[in-house]
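Since every read-out is calculated from the coordinates, none of them should be taken as a lab result. Everything numeric in this text was worked out from a predicted model, so none of it was measured. All Cβ positions, even for glycine, are placed from backbone atoms using ideal geometry, and neighbour counts span all protein chains on display.
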Amino acid sequence: MSYTAADLPDLTGTTALVTGANSGIGFHTAQELSKHGATVVLACRDTASGAEAAARMPGSTRVEALDLASRSSIKSFADRWDGPLDLLVNNAGVMRPPKYRLTEDGHELMFGTNHLGHFALTGRLLPALLAGKDPRVVTVASIAHLGGDERVIDANPPETYEPEKSYCQSKLANVLFMRELHRRTAAASSRVVSTGSHPGVSATGLVTDPNGMGANPFIRAVMPYVMPLIFQSAAAGANPSLYAATVGEPGSYTGPQKRGESRGPIGPAKLNKHALDDDLAAQLWALSEERTGVSFVL
């Protein structure tokens, strides 16, 4: 389908929260939401970078400190939140650290940040979401989820750590979370809508982030020049998130449709068989509650 930021509705009166909004897909998502009238909160680990990003956006924005690799940071953020929340975009992430790393709470960094961090944040912000008008949660995953499998519930243990495979597992966890949240909200007749998206392959700072692939100095130095030549823009990569954030059907998963879903017009994205496994999703949910200490009251 043809859908770009120009198709966004008027979002005046809407409060949106975008994680990792200081750069890349998150920046363009937050910028477009702000352009269309939403009050946007940029939740970033690096608040100085977040402030620079917010200064480039129109409308009402503010920056809040949030480290998704820290249970205490997530709790502090949620405790500080005041008022209704209409839209939560779980966008931030870490991609392919070359060596096994742990969060401060003892989880593998990608599983802990990409999945557990957003699981805990969403659960802790549920009261604010339930107070919002037509509340919606968007989980940004990746075509890399297609490489994930049933071992996702092992939570990326050190003995089997491989940068690419472990990243795939963390993104499969994103999709399973999105679908299980949808199943649970529907069963509870909750007003919260859960949707998902993936950006295709886009030129973003995720590739050069020192916490991920950018730990390699060569990648950090070279890829900023190479990415614009071979990948679609971050602005184009934000289109699926914007669609999921506004008009995507509950439980839908949206992504680009061309070149193996790496770019192009958006539409329904492919899901692997594990992403469609409801039993696996329920197991992951139980594990996530145990690992984060957060339960959802819908």
Only Lys, Arg, Asp and Glu count, each charged at its Cβ (+1, +1, -1, -1), so figure out the dipole size of region 14-161 about its Cα centre, rounded to 20 debye. 300 debye
Exposure proxy check on I266, I25: fewest-to-most Cβ neighbours within 10 Å is I266, I25
Which of Q283, Q257, Q31 moves most in a GNM of the chain, Cα contacts under 10 Å? Q283
Under the rule of -39500 (n - 2.57) per DSSP H run of 4 or more residues, summed and divided by the residues of the chain, what mean residue ellipticity at 222 nm is obtained, to the nearest 500 deg cm²/dmol? -11000 deg cm²/dmol
Taking the Cα centre of the chain as the origin, how large is its charge dipole in debye, to the nearest 20, when only Lys and Arg (+1) and Asp and Glu (-1) carry charge on their Cβ atoms? 460 debye
Taking the Cβ of each residue in S70, S197 as the centre, tally the other Cβ atoms inside 10 Å and list the residues starting with the fewest. S70, S197
Sort 91-104, 236-249, 8-21 by the packing proxy (mean of other Cβ within 10 Å over each peptide's residues), most packed first. 236-249, 8-21, 91-104
Dipole of the chain, positive direction: furthest Cα of Q31, A269, Q283, with charges on the beta-carbon: Q31
Region 1-142 shape via C-alpha gyration tensor axes, a/c threshold 1.5: prolate
Return one quarter of the surface area of the convex hull spanned by the alpha-carbon atoms of region 9-291, equal to its mean projected area, in nm². 13.4 nm²
If you rank C168, C44 by fewest surrounding Cβ atoms within 10 Å, what's the result? C168, C44
Any chance you could count the Lys pairs in the chain whose alpha carbons are under 26 Å apart, treating pairs 8 or more apart or on different chains as valid? 13
GNM result for the chain, Cα springs below 10 Å: residue of R56, R151, R124 fluctuating most strongly: R56
